[in-house]
Each structure stands twice: as structure tokens, then as C-alpha cells.
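A short worksheet on the structure shown next.
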Amino acid sequence: MIRTLMVCCAMAATAAATVAAAQNFTTAAEVKPILQATKANWVALREYDGNDLLYFTHLESWRCGLSEVRFSVNSAAAAKVWEMEPCHEGEAQPNALKLDGHLPYTTLPLGMASTVSVVLVYDDGTEDRADYDRKAILMP
């Protein structure tokens, strides 16, 4: 009985480790539910040193599974492509940000951003969109 229980527990631990390893959050199927649930946090705006800093940190953190991020400021076009750090597939933490010369924000003139539009293109070809007013994403 004890031996059977030990074998059962070992099998359960192996199965749990396999599931965890399969969920590296590097595909659209894995990151889409997270990004849809956190849509209000895709971008943030900060007034700093006489500029508006538009942050993409949240999207950078979940970039594996995305093929493209487009955005626009004061336009619904969302035509400008946000260049993201590559996904580090094959590493223990593929979504980790190394930020080697890459900043997770863009600098705009102070007060310029009244609205921001963002379109995500997942690696499965589907898209998701969010439109923000300045007040909604402005950090204190």
C-alpha cells in the first residue's frame, strides 16, 4: 500500500513537472488569456523629466507568443511597430528581459499623448486591440 502510494505520488510529480515545462508562455495559446485579462495594463504613461514616457513593459514581459505589437498616439491607426526584445526560447526563462540596449518605453513631448491605441498580433495570426485615454494609463 505504501509502495503504491509512493509510486502514485512520483507519477503525479512527474506529470505536474511535464505540464509546467509545457507552459513556458511562449505561444499565443498560453499568453492570450493573460493578455486579454490584463488589457488595462498593456501600456502605461509617465510624466518624467519634461517628457511623456510611454511604457510597453507589460507587453515586453509577455512578448513570447506575439508576432507584432503596433501602436499609435492620438490616432486609432495603430500603425507604428513597437520593436520588442526577442523571446529567449531554449532558455530557462524565455520571457526574461535582458534589456541589452533596449528600453521598454518611448519618449514623447510632455502632454502630447491624449490617446494611445495598441494592436497585438499573436503568433497564431489573431489580433487584439485596446484604446486608452491619457487618464486611464497615466501613472501617479
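The values are calculated or read from the model by the stated rules, or taken from the named source; none is laboratory data. Please read all numbers here as calculations on a predicted model, not as lab measurements. Using ideal geometry, Cβ is built from the backbone for each residue, glycine included, and neighbour counts are taken over all protein chains shown.
Quick look at the values:
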| item | result |
| --- | --- |
| Residue match in the stretch 38-49 (condition: out of contact with any Cys (no Cβ under 8 Å at 6 or more places or on another chain), touching a residue at least 24 places away in the same chain (Cβ under 8 Å) and of a type in the set (Phe, Trp, Tyr)) | yes |
| Matching residues in the stretch 50-81 - criterion: being polar (S, T, N, Q), under 11 Å from the mean Cα position of the chain (by Cα) and over 12 Å from Val31 (Cα atoms) | Thr57 |
| Residue list for the stretch 24-67, filter: out of contact with any Gly (no Cβ under 9 Å at 6 or more places or on another chain), surrounded by 15 or more Cβ atoms within 10 Å (Cβ to Cβ) and closer than 15 Å to Asp123 by Cα | Asn24, Leu59, Glu60, Trp62, Arg63, Cys64, Gly65, Leu66 |
| Members of the stretch 15-61 found to be among the aromatic types (Phe, Trp, Tyr) and modelled with pLDDT under 95, listed by number | Phe25 |
